[in-house]
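Below: one structure, written as structure tokens.
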Amino acid sequence: MNAKLSRRKTLAMLSAMPLAAAAPPARAAASLGETARRAGITYGAAAAGVIFEDPRYRLLYLDHCRAITSDVDLKFDWLRPHSPDQWDWGPADRLLAFAERTGMAFRGHTLIWNENPPRWLKKLSLAEIRRVFDEHIDTVCGRYSGRIAVWDVVNEPFWPGHGKKGGYRTGPWYEAFGPSYVERAFVRARAADPHAVLALNEAHCERFDDVGNGIRKGMKQLVARLLDAGAPLQALGFQAHLQPHIPHDDKRFAAFLRGFGDKGLDIHITELDVNDESFPDPVRKRDALVARRYGDFLRAVLAVPRVNTVINWELADRYSWYAGLARAGQLRSRRPPRPLPFDSGYRPKAAFHAMMKAFRGRKET
Ligand code: G3I
């Protein structure tokens, strides 16, 4: 048995067994996580319960990730799907224990999001929603205090399409507090967990169309307000679900990031993938275009000194959220999307090599 197999086998056993926290396993040189680490980047991926059902997929995380983001397990509607008093901690506890056993930093996603509220929450009065808001943050942050590296405290505060003043996304939390729910969430999270890095996470900022222009404007104003108010904001997460068919400008996006870095905020790329629906069918051509998008984007953002984290939104194509959209007929075709660094057979793709090249070539300007 060769050394790599024995290490992988050991890691597989390690990840499945409730052992004490282990030192991060030695990483393969061809590891995304190790290559990123040498460039000053924490690299990882979102994960859900499927990594406990698919051992080959789990091994990709062990080989390549130094961080894991909870894809769904820590969302409000997953923790409390049925009623205010029923909490389903199991999946999140298991995912966090896996990260701790295998030496990966854990990103909690997300405490407060105006999307996907469970039915019972929508039935409450505004006063009751305000109570639930505080209780939720206190309970979740208190339970995991000291174990979470980064919290996405608030996810996606903006959606101009909702027509609210300032372009805010509406939902139970916005309706109960107005825009001040954002500050409230950060202050509350810091009080319940003095350790975690607290981040504000947003989508679409890398688009240079009306949507992206509006959301970047909102983020600049919100961040200025939070910093002026002394809110415990330490990092900004930019999701980067890249849409090649939508106008984009990586250099201008990097300049946008640099502006926040100059205010002392860390910058995290939090949900990186490339929507390939506008690319031609042939897989080699499609993969090459996806890889070029990865390379162009990463070269631009990695030149920003305060960018210190890159997270893919899952690792292998079969588990991408785009696969569900394609099956549901919500993309231009139902062909299986190829948005991630590994294909559905867990093999590295051109995107993997483009990411490795970008990490190796990081030059801070
Ligand atoms: O697992 C259940 C399955 O048992 C059930 O039969 C099925 C019926 O609908 O639902 C399955 O759960 C789905 C889950 O994804 C699977 O992981 C949920 O319905 C579905 O709502 C959930 O969607 C997730 C979505 O956020 C809403 O939470 C996506 O996986 C997840 O990738 C997506 O991630 C978001 C980020 O949180 C924020 N940024 C955008 C990103 C993509 O939309």
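Overall, the chain carries a charge dipole of about 1060 debye about its Cα centre when +1 sits on the Cβ of Lys and Arg and -1 on the Cβ of Asp and Glu, all other atoms neutral. Multiplying the residue separation of Trp120 and Arg252 by 0.36 nm and removing their Cα-Cα distance gives an extension gain of 43.3 nm. Counting protein heavy atoms only, the chain has 53 percent of its accessible area on carbon and sulfur, 1.4 angstrom probe. Once R0 is set to 22 Å, what does the formula 1/(1 + (r/R0)^6) return for the Cβ-Cβ distance between His245 and His162, expressed as a FRET efficiency to the nearest 0.05? Efficiency at R0 = 22 Å is approximately 0.40.
With protein chains left intact and a 1.4 Å probe, residues in region 28-361 average 38 Å² of accessible area per residue. Report note on the peptides 268-278, 120-130: ranked by the mean count of other C-beta atoms within 10 Å, highest first, their order is 268-278, 120-130. Can you spot the aspartates and glutamates whose alpha carbon is less than 12 Å from Lys349's alpha carbon? Ignore those fewer than 8 places along the same chain. Correct list for Lys349: Asp287, Asp317. Using only the Cα atoms of the chain, each taken as one equal point scatterer with no solvent, compute I(q) by the Debye sum, divide by I(0), and report log10 of the ratio at q = 0.06, 0.12, 0.14 Å⁻¹. Evaluating at q = 0.06, 0.12, 0.14 Å⁻¹ gives log10 I(q)/I(0) of -0.21, -0.90, -1.26. Other residues with beta-carbon under 12 Å from the beta-carbon of Arg292 carry, at +1 per Lys or Arg and -1 per Asp or Glu, a net charge of +1.
Would you mind checking Lys285/Lys357; Lys123/Lys217; Lys75/Lys251; Lys75/Lys122 for any pair whose Cα atoms are more than 24 angstrom apart? Flagged as over cut-off: Lys123/Lys217; Lys75/Lys251. In whole Å, how far is the Cα centre of region 345-359 from that of region 114-147? After rounding, the separation between the Cα centres reads 39 Å.
For the pair Phe52 and Lys263, label points projected 7 Å from Cα toward Cβ lie 3.9 nm apart.
A prolate overall shape is assigned to region 206-286, the ratio a/c of its alpha-carbon gyration tensor axes (a ≥ b ≥ c) being 1.5 or greater and a/b exceeding b/c. Straight Cα distances below 20 angstrom link Lys263 to the aspartates and glutamates Asp152, Glu183, Glu202, Glu206, Asp228, Glu364, with same-chain residues fewer than 8 positions distant left out.
At full extension, Leu325 and Thr170 could sit 53.5 nm farther apart than now, given 0.36 nm per residue minus the alpha carbon distance. Give me the distance between the Cα centres of region 173-211 and region 256-313, rounded to whole Å. Computed from Cα coordinates, the inter-centre distance equals 22 Å. Simple rule: put +1 on each Lys or Arg Cβ and -1 on each Asp or Glu Cβ in region 28-361, find the dipole, and look at Val132, His82, Gly324; the Cα lying farthest toward the positive end is Gly324. What you get for region 209-351, charging only the Cβ of Lys and Arg (+1) and of Asp and Glu (-1), is a dipole of about 260 debye around the Cα centre.
The values are calculated or read from the model by the stated rules, or taken from the named source; none is laboratory data. Since the model is a prediction, treat every value here as computed from it, not as a measurement. Cβ sites come from the backbone with ideal geometry, for glycine too, and all protein chains shown count toward neighbours. Just the protein is used for accessible areas: all its heavy atoms, side chains included, with ligands, DNA and RNA removed. Shrake-Rupley method; radii C 1.70, N 1.55, O 1.52, S 1.80 Å.
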